[in-house]
Amino acid sequence: MSLFREGYNDSIVALATPKGIGAIGVIRVSGIDAFEIVNGLFKSKNLLKQASHTLHVGLFRNGQDVIDEVVLALYKNPNSYTGEDVIEINCHGSVYIQNRILETLLEHGCRLAKPGEFTQRAFLNGKLDLTQAEAVSELIASNTEASKNNALRNIRGGFKSDLSLLREKLVYFSAMIELELDFATEDVEFADRSDLKKVVNELMAKTNRLVASFKLGNVIKNGVQVAIIGKPNTGKSTLLNSFLNENRAIVSDIAGTTRDTIEEVLNIEGILFRLIDTAGIRVSTENSIEDIGIQKSYEKMRTADLVVYLFDLNQSSVAELDTVVSDFEKEGIKYLLVGNKVDISDKAKLTGFDKFENLICISAKENFNLEDLKKQLVKQVVEGDINTESTIVTNVRHYDALNQLSKVLAEIETGLTEQLSGDLLSLDIKKCLYYLGLITGEITNEEQLDLIFSSFCIGK
Ligand SMILES: Nc1nc2c(ncn2[C@@H]2O[C@H](COP(=O)(O)OP(=O)(O)OP(=O)(O)O)[C@@H](O)[C@H]2O)c(=O)[nH]1
Ligand SMILES: [Mg+2]
């Protein structure tokens, strides 16, 4: 059932595969007259007489002009991605052929689809809720195992079922309280307040868990910025190179080798770490280019999600680290202390560093303990298991609505303790249902939907 219109009266078309030459190009047509339009251009068979979910080989023509030999996949409504009649045209992947087929379809009554319009139609036809539709776009954008798994779980209704469970319980209490209001003069209580309190507490725990999962969701979706900071010559560039297994950054024993920041991506256990090698920090250098580099190092230090403070075990003192740690803590910067060049350090002199918890000693040059450092990096950003089966919130829109929901639930909880009247409770419960509806798309408007779907690919 459509939320806004009684179905669409037009058919849309788009190239579903990337633009350019490929072995095969897929052009997708969806809408009320998809079968009729394509049937008029495919003379090999009468498509109107074919069963749904079947494939057909034949010539695609515009009048007498044969454009290509194609394979058509037929999906009749409602059993298609959009819920409408859909035909997928598999053609040869020449850009010329793809364009000719698209032009012919436009000439014969199709309209070019807007980004995400196929998925938007699927949503409006009730094939997906909004969380599932948004997960389609996340799945296409996914670039790690973790982001792929999370999007796939949401497409299959993971988040949706979490929310509908919350919703059902609230709807029940809302109905009971409404009933009480109908019998207001008789002072009856259909909604048992202690039961309601239990449900509210349960909902709060679930909502707060979802809100808390956003931190991990962000890590999964956007990766983690790690700035490698330290004095000159401590081995920052060597560490970046060893992590990447290539000579990406220039390494030398001249202090001040790195001037500009260098960013590279490293996948550790399915999380993308954006490693930033920076210019070594030292007090006034009288070298303006190096000074600019140092300035940039400070900027990166403040904007990164995590700072790896790399120091030379043979050159640094406990006092230096004390200062560094207190500065980081003052500024609220998340950090890891990493001592380098353990391969040439005198073990006896290292004992003083014991006092720093989580300090890791490595040799960037000799590749010693780097696996340990990788594990520590993951541990800093992931609490628990990233491959968890439970829902992880990755979408800012969902996060905002869940935060609002959590606030209203807290208000209800206080209201119950203070024996708030039924009509005020009922209002608060309706607010909760509203925020849940915002997430799943039961409460929305066309403008908002257009905004959501405009970030999709054309053809999806
Ligand atoms: N023995 C030993 N030498 C290392 C190690 N890591 C780096 N070095 C050496 O230390 C010197 C400086 O290394 P870089 O990686 O250029 O140091 P950096 O911190 O990037 O220096 P700047 O860019 O000048 O700030 C080079 O000669 C490296 O070969 C290590 O683990 N052990
Ligand atoms: Mg360097």
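The values are calculated or read from the model by the stated rules, or taken from the named source; none is laboratory data. Keep in mind it's a predicted model, so treat the numbers as computed, not measured. Don't worry about glycine lacking a Cβ; one is built from the backbone with ideal geometry, like all the others, and counts go over all protein chains shown.
Looking only at the range 211-224, decide whether some residue is at positive phi, surrounded by fewer than 22 Cβ atoms within 10 Å (Cβ to Cβ), away from ligand 1 (no atom under 16 Å from the Cβ) and at pLDDT 90 or above. Even if it seems obvious, please write down each step before you answer.
Taking the range 211-224 as the starting set, the residues that turn out to be at positive phi are 223.
Filter once more, keeping what is surrounded by fewer than 22 Cβ atoms within 10 Å (Cβ to Cβ): 223.
From what is left, the residues that are away from ligand 1 (no atom under 16 Å from the Cβ) are 223.
Next cut, at pLDDT 90 or above only: 223.
The answer is yes, given that some residue of the range 211-224 is at positive phi, surrounded by fewer than 22 Cβ atoms within 10 Å (Cβ to Cβ), away from ligand 1 (no atom under 16 Å from the Cβ) and at pLDDT 90 or above.
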**Fill in**
Scanning the range 263-292 residue by residue, the ones that are more than 23 Å from the chain's Cα centre (by Cα) and either assigned to a loop (DSSP other than H, G, I, E, B) or over 18 Å from residue 225 (Cα atoms) (or both) total 15
**Prompt:** For the range 236-256, how many residues meet the condition of being within 10 Å of ligand 2 (Cβ to nearest atom) and either touching a residue at least 24 places away in the same chain (Cβ under 8 Å) or not in a loop (DSSP other than H, G, I, E, B) (or both)?
**Reply:** 9
**Prompt:** Within the range 254-268, is even one residue modelled with pLDDT of 90 or more, more than 11 Å from ligand 1 (Cβ to nearest atom), buried (at least 16 other Cβ atoms within 10 Å of the Cβ) and under 16 Å from residue 299 (Cα atoms)?
**Reply:** no
**Message:** For the range 443-460: of the residues being touching a residue at least 40 places away in the same chain (Cβ under 8 Å) and farther than 16 Å from residue 112 by Cα, which is surrounded by the most Cβ atoms within 10 Å (Cβ to Cβ)?
**Reply:** 452
**Request:** Pick out the one residue from 74, 55 that is surrounded by fewer than 15 Cβ atoms within 10 Å (Cβ to Cβ) and free of Cβ contacts under 8 Å to residues at least 40 places away in the same chain.
**Result:** 55
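Looking only at the range 290-303, which residues are in contact with a Ser or Thr (Cβ under 8 Å, 6 or more places away or on another chain), at pLDDT below 85 and aliphatic (A, V, I, L, M)? Let's see the steps before the verdict.
Applying the first criterion (in contact with a Ser or Thr (Cβ under 8 Å, 6 or more places away or on another chain)) to the range 290-303 yields 291, 293-294, 296-297, 300-301.
Remaining after also requiring at pLDDT below 85: 291, 293-294.
Matches in the range 290-303: 294 only.
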**Prompt:** Across the range 364-381, what is the number of residues that are touching a strand residue (DSSP E or B) at 6+ places or on another chain (Cβ under 7 Å) and either more than 16 Å from ligand 2 (Cβ to nearest atom) or modelled with pLDDT under 90 (or both)?
**Reply:** 9
**Message:** Of the residues 191, 175, only one is aliphatic (A, V, I, L, M) and free of Cβ contacts under 8 Å to residues at least 12 places away in the same chain; which?
**Reply:** 175
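Could you say which residue among 282, 274 is touching a residue at least 12 places away in the same chain (Cβ under 8 Å), under 24 Å from residue 323 (Cβ atoms) and surrounded by fewer than 17 Cβ atoms within 10 Å (Cβ to Cβ)? So that I can check it myself, show each step before the final result.
Working: 274 fails: under 24 Å from residue 323 (Cβ atoms).
Answer to the selection: 282.
Yes/no per residue for (1) farther than 18 Å from residue 367 by Cβ; (2) out of contact with any helix residue (DSSP H, G or I) (no Cβ under 6 Å at 6 or more places or on another chain):
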site: 225; (1), (2): yes, yes
site: 244; (1), (2): no, yes
site: 278; (1), (2): yes, no
site: 287; (1), (2): yes, yes
site: 297; (1), (2): yes, yes
**Request:** Determine the pairs where a residue that is modelled with pLDDT of 85 or more, located within the range 414-433, has a partner that is in a helix (DSSP H, G or I) and small (Gly, Ala, Ser) with Cβ atoms under 7 Å apart, the partner being 6 or more residues away or on another chain.
**Result:** 424/415; 425/415; 426/174; 428/415; 429/174; 430/174; 433/174
**Prompt:** How many residues are farther than 10 Å from residue 458 by Cα, basic (Lys, Arg) and not in a helix (DSSP H, G or I) if we restrict to the range 105-126?
**Reply:** 1
**Message:** Please go through the range 257-289 and give me each residue that is touching a Ser or Thr at 6+ places or on another chain (Cβ under 9 Å), more than 12 Å from ligand 2 (Cβ to nearest atom) and among the β-branched types (Val, Ile, Thr), ordered by number.
**Reply:** 271
**Request:** At least 2 residues that are assigned by TED's automatic domain parsing to the domain that holds residue 153 and more than 22 Å from residue 306 (Cα to Cα) in each: list the helices (runs of 4 or more DSSP H) lying fully within the range 350-460 that qualify.
**Result:** 396-417, 422-440
**Hits in the range 230-256 - residues which are among the β-branched types (Val, Ile, Thr) and either closer than 15 Å to residue 290 by Cβ or touching a Ser or Thr at 6+ places or on another chain (Cβ under 7 Å) (or both)** = 250, 251, 254
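To keep it simple, each residue is scored yes or no on (1) in contact with a Leu (Cβ under 7 Å, 6 or more places away or on another chain); (2) not assigned by TED's automatic domain parsing to the domain that holds residue 404.
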position	(1), (2)
178	no, no
191	no, no
200	yes, no
227	no, yes
